Amino acid sequence: MTRVVLVDDHQMFRTGVKAELGPQIEVVGEAADVDEAVAVIGETRPEVVLLDVHLPGGGGVEVLRRVLPSPTRFLALSVSDAAEDVIGVVRGGARGYVTKTISGPELTDAIGRVAEGDAVFSPRLAGFVLDAFSATAAPVADPELDQLTAREREVLRLIARGYAYKEIAKELFISVKTVETHVSSVLRKLQLSNRHELSRWAAARRLV
Amino acid sequence: MTSNGIARLDRAKDGRLVAGVCAGLAGHLGLEPLAVRLAFVALLAAGPYGYAAYIAFWLLLPERDEPKGRRDLLQLVVYALLAAGLSVVTGVSGVAQLALWPALVIGVGAALLWQQTDRRQRERWSTLTRGMWWRGLLGMLLVVSGIGGFFVQKVSPQQIPQVLLATAIILTGVTVILTPWLVKLWQELDAERAERVRSQERAEVAAHIHDSVLHTLTLIQRRAHDPKEVARLARSQERELRAWLYQPKSDSSQLFAAAVKEVSAEVEDTHGVPVEVVCVGDCPLDERVSAMVQAAREALVNAAKYSEAPAISVYAEVTQEGLEVFVRDRGKGFDLDGIPADRMGVRGSIIGRMERHGGTARVRSAPGEGTEIRLELKK
């Protein structure tokens with residue numbers, strides 16, 4: 001059983017998500033804005049928070065800023081396709097990002113993965129990350145953080161192509177665990193790198 | 001009286017003695033007309049600038065919208081006598097001739113400023129910035145003491161330093177009074193401009209929502225009996241709204257990524273299968289790149305028509321080496337060798353087209369495992 005808090009300002013959406021989540025998920029709390037979210041998370045101490053990017057009171061990023069560091073893990077959920085929203089919330093500390101069009105079983109699966117400390121990338125997020133880290137003239141200050149390895153790039157491209165982790169593992173002749181390691185490593189770089197493109201996106205949303 | 005209890009500054013028509021200036025000021029400042037009138041009498045007695053101030057108010061203030069009242073002639077006579085008597089006294093003692101011009105200028109300037117700023121703004125000043133009144137008081141003190149300098153001294157060449165000092169004090173006073181007001185005024189103008197921009201944006205959003213979203217919602221209600229059509233309408237509206245909200249205006253006749261998105265949208269609309277598009281990088285369209293987009297379109301149409309997959313993924317990437325497009329579905333798949341040679345779709349429109357333009361197309365498919373078509377074009 002994974003204990004989850006839903007944070008979204010649309011009651012209808014929260015109800016829909018609750019109905020679709022699998023039996024291995026227990027929704028222990030709900031919140032509709034930033035203050036409420038911080039309070040509910042503090043009270044219920046969930047394993048995973050499903051966090052809407054656009055929230056009254058400063059957005060999902062503000063919730064992350066006020067709650068982290070914490071053992072609770074965050075999965076961002078949004079209708080937005082804007083790169084700065086997606087990258088912003090992941091750099092704010094979310095362990096992954098999925099769009100609201102995701103199916104119930106996929107979401108259940110993603111929550112389970114985040115609860116175990118892995119990262120969850122939607123195809124779109126993978127595309128943004130590839131774009132942001134793509135070879136440009138931007139100077140590389142810290143190769144350890146500012147560049148993706150060839151393998152990480154391969155994994156991301158497969159995610160962007162719509163492959164599930166299992167399919168990626170099969171395609172690259174590696175284990176699912178190794179795929180997860182690569183994705184987590186990309187997530188770490190995404191959160192810690194000071195690459196120019198990332199800073200630009202972040203700055204547009206005044207995150208850094 | 002206005003709704004919030006503060007009267008605007010104007011000239012009274014009811015209860016006036018001469019032109020209604022004093023009664024109007026008293027109403028605005030919340031004082032007894034008697035006090036204002038006595039102050040004016042003192043000003044008149046002190047020299048011509050009292051008259052100038054009165055005339056200035058007379059000209060600058062609008063008349064209050066109310067029926068004319070009868071003048072109390074007895075009161076008028078009393079005030080006139082009082083002013084005349086005092087004038088004789090001050091005229092004989094010869095006070096205040098020197099202070100005429102500075103006082104006149106300051107008085108008219110202050111009156112103008114007060115008149116031109118609107119009432120609500122003045123309220124904001126008085127409520128938000130109580131501290132400013134202390135500044136105002138300090139400024140007034142400086143101005144008055146500066147004027148006092150003129151009063152006391154008869155100017156002679158030796159006294160020029162004192163006159164300069166007095167002038168400097170007056171100027172400092174005026175600056176102290178006016179600077180915060182001007183700063184505030186400027187800030188409020190700025191805020192007002194921002195508000196105007198925002199309201200324009202809101203109007204644009206409203207217009208867009210009306211033209212597109214509301215229209216689609218109406219259509220959806222009308223087609224409620226046809227789930228497939230409803231889904232198609234909703235999806236197409238969603239895509240349009242997304243493009244409008246999140247994507248920079250791009251011209252699909254110019255750029256690769258936009259063209260890929262456009263053909264994907266077209267297939268989604270025609271065949272009612274959701275297409276998820278992810279693009280990385282971009283490049284201008286030329287003949288070869290356009291051919292590649294057309295091949296991708298053909299792959300999408302095939303997937304939509306035959307795969308029976310619930311959704312299709314498109315991934316398009318532009319790197320320094322070249323362009324790649326992947327069209328993937330999790331549908332029923334097929335055996336490429338089993339396709340009859342006369343079926344143009346895959347062989348002609350996709351593989352053939354790519355090869356004619358110096359690219360490659362590879363089909364990976366197996367019955368039950370879906371299909372992925374990979375298009376590649378080296379730069």
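The values are calculated or read from the model by the stated rules, or taken from the named source; none is laboratory data. In this text the structure is predicted, and so the values were computed from the model without any measurement. Glycine also receives a Cβ, built like all others from the backbone with ideal geometry; neighbour counts cover every protein chain displayed.
Take the residues in region B:293-315 that are facing chain A (nearest Cβ under 9 Å) and among the aliphatic types (A, V, I, L, M), then tell me which one is surrounded by the most Cβ atoms within 10 Å (Cβ to Cβ).
B:ILE312
Might you check whether a residue that is touching a residue at least 40 places away in the same chain (Cβ under 8 Å), under 18 Å from B:GLU238 (Cβ atoms) and either assigned to a loop (DSSP other than H, G, I, E, B) or within 13 Å of chain A (Cβ to nearest Cβ) (or both) occurs anywhere in region B:272-284?
Yes: region B:272-284 contains one or more residues that are touching a residue at least 40 places away in the same chain (Cβ under 8 Å), under 18 Å from B:GLU238 (Cβ atoms) and either assigned to a loop (DSSP other than H, G, I, E, B) or within 13 Å of chain A (Cβ to nearest Cβ) (or both).
Condition check ((1) among the hydrophobic types (A, V, I, L, M, F, W, C); (2) under 19 Å from B:GLY359 (Cα atoms); (3) in the same structural domain as B:MET354 (by TED's automatic domain parsing)) across all residues:
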site	(1), (2), (3)
B:VAL273	yes, no, yes
B:LEU323	yes, yes, yes
B:PHE326	yes, yes, yes
B:LYS332	no, no, yes
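When you scan region A:116-132, how many residues do you find that are crowded, with 20+ Cβ neighbours inside 10 Å and more than 14 Å from chain B (Cβ to nearest Cβ)?
Qualifying residue count, region A:116-132: 3.
With respect to A:VAL86, is the statement that it is under 12 Å from the mean Cα position of the chain (by Cα), within 17 Å of A:GLY16 (Cβ to Cβ), of a type in the set (A, V, I, L, M) and within 14 Å of chain B (Cβ to nearest Cβ) true?
no
Output the number of the condition that A:GLU43 fails; it satisfies all remaining conditions of (1) more than 14 Å from every other protein chain (Cβ to nearest Cβ); (2) crowded, with 16+ Cβ neighbours inside 10 Å.
(2)
Is at least one residue of region A:195-204 buried (at least 19 other Cβ atoms within 10 Å of the Cβ) and modelled with pLDDT of 85 or more?
So far as region A:195-204 goes, no, none of its residues is buried (at least 19 other Cβ atoms within 10 Å of the Cβ) and modelled with pLDDT of 85 or more.
Just one of (1) in contact (Cβ under 8 Å) with a residue 12 or more places away in the chain; (2) part of a loop (DSSP other than H, G, I, E, B) trips up A:ALA76, so point out which.
Single failed check for A:ALA76: (2).
Take region A:65-101 and flag every residue that is among the hydrophobic types (A, V, I, L, M, F, W, C) and in contact with a helix residue (DSSP H, G or I) (Cβ under 7 Å, 6 or more places away or on another chain).
Correct list: A:VAL67, A:PHE74, A:LEU75, A:ALA76, A:ALA82, A:ALA83, A:VAL86, A:ILE87, A:VAL89, A:VAL90, A:ALA94, A:VAL98.
Sort out which residues of region B:208-243 are part of a helix (DSSP H, G or I) and among the aliphatic types (A, V, I, L, M), and write them in order of number.
B:ILE209, B:VAL213, B:LEU214, B:LEU217, B:LEU219, B:ILE220, B:VAL230, B:ALA231, B:LEU233, B:ALA234, B:LEU241, B:ALA243
How many residues does region A:149-165 contain that are surrounded by fewer than 20 Cβ atoms within 10 Å (Cβ to Cβ), within 27 Å of B:VAL275 (Cβ to Cβ) and out of contact with any helix residue (DSSP H, G or I) (no Cβ under 6 Å at 6 or more places or on another chain)?
Final tally of qualifying residues: 3.
Looking only at region A:28-61, which residues are closer than 23 Å to A:ILE87 by Cβ and within 15 Å of the chain's Cα centre (by Cα)?
Of everything in region A:28-61, those that are closer than 23 Å to A:ILE87 by Cβ and within 15 Å of the chain's Cα centre (by Cα) turn out to be A:VAL48, A:VAL49, A:LEU50, A:LEU51, A:ASP52, A:VAL53, A:HIS54, A:GLY59, A:GLY60, A:VAL61.
Of the conditions (1) away from chain B (no Cβ under 11 Å); (2) surrounded by fewer than 19 Cβ atoms within 10 Å (Cβ to Cβ); (3) of a type in the set (D, E, K, R), A:LYS100 clears all except one; give me its number.
With (1) away from chain B (no Cβ under 11 Å); (2) surrounded by fewer than 19 Cβ atoms within 10 Å (Cβ to Cβ); (3) of a type in the set (D, E, K, R) applied to A:LYS100, the lone miss is (1).
Give the residue that is modelled with the highest pLDDT, with candidates limited to residues of region B:323-343 that are over 30 Å from B:ARG235 (Cα atoms) and either touching a helix residue (DSSP H, G or I) at 6+ places or on another chain (Cβ under 9 Å) or within 14 Å of chain A (Cβ to nearest Cβ) (or both).
If we take residues in region B:323-343 being over 30 Å from B:ARG235 (Cα atoms) and either touching a helix residue (DSSP H, G or I) at 6+ places or on another chain (Cβ under 9 Å) or within 14 Å of chain A (Cβ to nearest Cβ) (or both), then B:LEU336 is modelled with the highest pLDDT.
Could you tell me which numbered condition B:VAL260 fails, if it satisfies all but one of (1) out of contact with any Asp or Glu (no Cβ under 7 Å at 6 or more places or on another chain); (2) away from chain A (no Cβ under 13 Å); (3) within 24 Å of B:LEU375 (Cβ to Cβ)?
(2)
Out of curiosity, is B:ALA309 part of a loop (DSSP other than H, G, I, E, B) and at pLDDT below 85?
Against the criterion (part of a loop (DSSP other than H, G, I, E, B) and at pLDDT below 85), B:ALA309 qualifies.
List every residue pair whose Cβ atoms sit under 6 Å apart, with the two residues 6 or more apart in sequence or on different chains, where the first one lies in region B:52-66 and is in the same structural domain as B:HIS28 (by TED's automatic domain parsing) and the second, anywhere, is surrounded by 13 or more Cβ atoms within 10 Å (Cβ to Cβ) and of a type in the set (S, T, N, Q).
Close Cβ pairs (under 6 Å, with a partner that is surrounded by 13 or more Cβ atoms within 10 Å (Cβ to Cβ) and of a type in the set (S, T, N, Q)) amount to B:LEU60/B:GLN115.
I'd like to check something: does region B:245-254 contain any residue that is modelled with pLDDT of 85 or more and more than 10 Å from chain A (Cβ to nearest Cβ)?
No; the residues of region B:245-254 include none that is modelled with pLDDT of 85 or more and more than 10 Å from chain A (Cβ to nearest Cβ).
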